[in-house]
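Note sheet for the following structure.
The values are calculated or read from the model by the stated rules, or taken from the named source; none is laboratory data. All values derive from a computational prediction rather than experimental measurement. We place every Cβ from the backbone using ideal geometry, glycine too, and count neighbours over all the protein chains shown.
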């Protein structure tokens with residue numbers, strides 16, 4: 001499989017339509033993007049096999065699901081040896097409260113988007129998990145007051 005998949009205009013139309021509603025039937029999708037059903041099915045399968053379409057899912061309202069505390073956490077490591085970094089990465093990816101995790105350049109090593117029920121649950125996340133990882137030096141929390149723009153849509 002090639003590293004980069006060349007998207008056609010039809011592929012882009014399929015991706016945009018599926019990002020708006022991934023529950024469309026193949027016939028509905030084909031009609032929406034102006035393709036035959038068989039051609040559309042082949043293109044969707046090719047996009048899936050190439051990894052361009054990585055999965056399908058529902059968009060959940062975190063507040064209505066009982067996760068009203070939302071924070072961006074900036075993490076600094078005390079050590080950067082391979083085993084310490086690997087353990088931190090593994091542990092962060094396993095925690096359900098960590099819904100996004102980015103290793104970055106700059107002042108902080110990781111940026112996390114964390115969702116919890118409330119401040120008490122977040123405090124437990126810090127005390128019982130994050131600060132118990134030996135490689136963690138510090139964590140700076142920015143509490144999200146309001147989601148101004150949040151998209152999972154990729155602009156193709």
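Residue check: is residue 47 surrounded by 11 or more Cβ atoms within 10 Å (Cβ to Cβ) and assigned to a helix (DSSP H, G or I)? Lay out the reasoning, then the answer.
Details: surrounded by 11 or more Cβ atoms within 10 Å (Cβ to Cβ): yes; assigned to a helix (DSSP H, G or I): yes.
It is true that residue 47 is surrounded by 11 or more Cβ atoms within 10 Å (Cβ to Cβ) and assigned to a helix (DSSP H, G or I).
Test residue 121 against the stated conditions and say whether it is modelled with pLDDT of 95 or more, surrounded by 14 or more Cβ atoms within 10 Å (Cβ to Cβ) and not assigned by TED's automatic domain parsing to the domain that holds residue 18. Even if it seems obvious, please write down each step before you answer.
Numbers: modelled with pLDDT of 95 or more: yes; surrounded by 14 or more Cβ atoms within 10 Å (Cβ to Cβ): yes; not assigned by TED's automatic domain parsing to the domain that holds residue 18: yes.
Criteria met by residue 121.
Scan the range 12-44 residue by residue and report those that are over 19 Å from residue 155 (Cα atoms) and either in contact with a helix residue (DSSP H, G or I) (Cβ under 8 Å, 6 or more places away or on another chain) or buried (at least 16 other Cβ atoms within 10 Å of the Cβ) (or both).
24, 26, 27, 30, 34, 35, 36, 37, 39, 40, 41
Can you tell me which of (1) outside the structural domain of residue 11 (by TED's automatic domain parsing); (2) without any contact (Cβ under 8 Å) to a residue 40 or more places away in the chain; (3) closer than 30 Å to residue 5 by Cα is the one residue 45 doesn't meet?
Result: residue 45 fails condition (1) only.
Give the residues of the range 63-96 that are surrounded by fewer than 16 Cβ atoms within 10 Å (Cβ to Cβ) and part of a loop (DSSP other than H, G, I, E, B), sorted by residue number.
Hits for the range 63-96 are 63, 64, 65, 66, 68, 78, 79, 80, 81, 95, 96.
When you scan the range 117-156, how many residues do you find that are without any contact (Cβ under 8 Å) to a residue 24 or more places away in the chain, more than 19 Å from residue 67 (Cβ to Cβ) and touching a strand residue (DSSP E or B) at 6+ places or on another chain (Cβ under 9 Å)?
So the count comes out to 1.
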